[in-house]
1. For F111 and D155, what does the FRET efficiency come to when R0 = 25 Å and r is the distance between their Cβ atoms, rounded to the nearest 0.05?
2. Give me the net charge of G177's neighbourhood, meaning all other residues with Cβ under 15 Å from the Cβ of G177; Lys, Arg count +1, Asp, Glu -1.
3. Arranged from highest to lowest average of other beta-carbon atoms within 10 Å per residue, in what order do the peptides 171-177, 86-92 appear?
4. Evaluate the relative contact order of the stretch 80-190 (contact order divided by residue number), counting alpha-carbon pairs under 8 angstrom at least 6 apart; express in whole percent.
5. Please tell me which of these pairs span more than 26 angstrom C-alpha to C-alpha: K20/K45; K92/K170; K92/K187?
6. Which trypsin sites (Lys or Arg not before Pro) in the stretch 125-177 sit in a loop by DSSP (not H, G, I, E or B) and have at most 15 other Cβ atoms within 10 Å of their own Cβ?
7. Which value in Å is the Kirkwood Rh of the chain over different Cα pairs?
8. If you wrap a convex hull around the alpha carbons of the stretch 24-99, what volume per residue comes out, as a whole number of Å³?
Amino acid sequence: MIKVAGDFDFLVVPGRGNSKPDHWMSHWCRAFPNSSRVLQADWDKPEPNDWIARLDAAVAAAPRKVVILAHSLSVATTVKWATQATESQRAKVLAAFLVAATNVEDPDPSFDLVRPFSPMPLQPLPFPALVVASRTDPRVTFDKARAFATAWGADFADAGDLGHMGNEAKLGLWPDGLLLLGRLLGKAGA
């Protein structure tokens, strides 16, 4: 178990299909006693309003400030939530760790299930954020991920050649990701 100092909780927000036991998010849920996973009604046919509402409910129910850990489609969910949430709800978010942001506007037919999450908001986020991108992610180009980070006023980290950094990547506890998370927590004053 990893000890995390600070008066906050992690909200783990998996992408489409959820995070299987070997996904880095699942490893982090087991490692961080102050974490909880945001569950969705339908992991395979995501509905934006439902996914955003479930994130909103999780933030509202959190007894302390939260750090959002979002992967893939849940990056769009988090960013869309931030544009719709009340100021008091946004104030509960200490920071957001945004990994492998799916480009929900990609016209390729393989993106049809996630396109309802478009357009991707491009306003600055009201809390510190770090966008982590792989150079070989089939769900977003490296340049598009960097453009998202710039638009959101977020820091940007190059994760190298890790594909989509999901279930197939088998990153385990993902030590490099933990270092990046530590950098974000330091910036957020956690």
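1. Values: r = 26 Å, r/R0 = 1.04.
Computed FRET efficiency for F111 and D155 comes out at 0.45.
2. On the way: positive: R30, K170, R183; negative: D22, D137, D155, D158, D161, D176.
Summing Lys and Arg as +1 and Asp and Glu as -1 gives -3.
3. Details: 171-177: 16.1, 86-92: 12.6.
Per-residue mean Cβ counts within 10 Å order the peptides as 171-177, 86-92.
4. Values: 157 pairs, mean separation 30.5, N = 111.
The normalised contact order for the stretch 80-190 reaches 27 percent.
5. On the way: K20/K45 17 Å; K92/K170 31 Å; K92/K187 16 Å.
From K20/K45; K92/K170; K92/K187, over 26 Å: K92/K170.
6. Values: sites: R135, R139, K144, R146, K170; in loops: R135, R139, K170.
Taking the stretch 125-177 and a limit of 15 other Cβ atoms within 10 Å, the loop trypsin sites (Lys or Arg not before Pro) found are R135, K170.
7. Values: mean 1/r = 0.0617 Å⁻¹.
Its Kirkwood hydrodynamic radius stands at 16.2 Å.
8. On the way: hull volume 6.9 nm³, N = 76.
For the stretch 24-99, the hull spanned by Cα atoms encloses 91 Å³ per residue.
Every number here is computed from the coordinates shown, using simple stated rules; none is lab data. Note that the coordinates shown come from a computational prediction; the quantities given were computed from them, not determined experimentally. Counting neighbours? That spans all protein chains shown, and the Cβs are built from the backbone with ideal geometry, glycine included.
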